[in-house]
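Enquirer: Dropping the structure in here first, questions after.
What follows is calculated from the coordinates using simple rules that are stated; it is not laboratory data. Note that this is a predicted model, so its numbers are computed, not measured. Because the Cβ atoms are built from the backbone with ideal geometry, glycine has one as well, and the counts that use them run over all protein chains shown.
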Amino acid sequence: MKTIIAGTDFTPSSINACKYAAMLADALKCKLTIFNLFEAPVIHSNMGLYGISYTAQRKISENKTDKLINEIQKSFPKLKINEIVTSGSFNYELENFASEHQVEAMVMGLAAKDRISKFIYGSHGVNIAGKIECPVIIVPEKYTKHKLSSVLMAVDNNEKLAKSSLTGFERFLKLTKAKLDLVHIRTKDELFHPLTFKMTINSKKLPIEIINAKDIETGIKKSCSTAKYDLVAIISKKHSAFYNFFVESNTKKVAFVAKVPVISIHE
């Protein structure tokens, strides 16, 4: 059975992401795994350094995770939910889990501390996207009306995408029954004119809308302002405009301007 994994540090943004992941797991008929990375703190004192009990800290994290799962289970009583509570390396634990399980997607929360400071849970959401072998979904904290009926996919239509890149996404669309629109953001530094104006998704040829903008996030904001979408999807391949998109600050910019979850799907 495929799995949706959601990371939490028990902040409002990460809890919201876990609830979104539950909605997604229910729609995709997956099980849900809640992932928490805890740290046993080391305290400075006049007598030197000493650490708080690892066992005690782990128990606290487990109790918080159990409480979160119980809360989610009330809304999705039939959803199978388990947990991973660890103090190991974030990337290692997730990459190891993904290699041993059929992970459909990794879900992380996006929070704004204030008008100036914006961050993704422990910065791990940015670091893991494009590296873990599954799509990564970033969920803005203020996106709380969790649904999935309309999707906007941004494509680099000067690049040929491998069919394997789209297989999982096509299944994703079938299971959720979400309507899909395609857009190509044409920036001022783009050297080539678009080579194609249509793409076949689930045996249907869909038109690709061309939007001129100074950068990707501005173009996506423009697209989202003219229609209501529940998810923005970006499919990337090596050497394309989107390949390193989710390991840079643009991740946060797009998630905030779109105001809906953003999913990164890479080859």
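Enquirer: Distance check, please: which entries in LYS19/LYS188; LYS2/LYS259; LYS145/LYS214; LYS2/LYS142; LYS29/LYS228; LYS64/LYS179 exceed 32 angstrom between their Cα atoms?
Expert: Working: LYS19/LYS188 39 Å; LYS2/LYS259 27 Å; LYS145/LYS214 30 Å; LYS2/LYS142 28 Å; LYS29/LYS228 25 Å; LYS64/LYS179 37 Å.
Those over the limit are LYS19/LYS188; LYS64/LYS179.
Enquirer: Measuring from label point to label point, each 7 Å out along Cα→Cβ, what is the THR11 to TYR92 span in nm?
Expert: A separation of 2.4 nm, rounded to one decimal place.
Enquirer: Considering amide H positions built from the backbone, and no H for Pro or chain starts, which residues 5 or more places from LEU180, or on another chain, come under 5 Å of its amide H?
Expert: VAL151
Enquirer: Another question, then. With r as the distance between the Cβ atoms of THR200 and SER225 and R0 = 35 Å, compute the FRET efficiency 1/(1 + (r/R0)^6) and round to 0.05. Spell out each step's value before the answer.
Expert: Working: r = 28 Å, r/R0 = 0.79.
So, using R0 = 35 Å, E works out to roughly 0.80.
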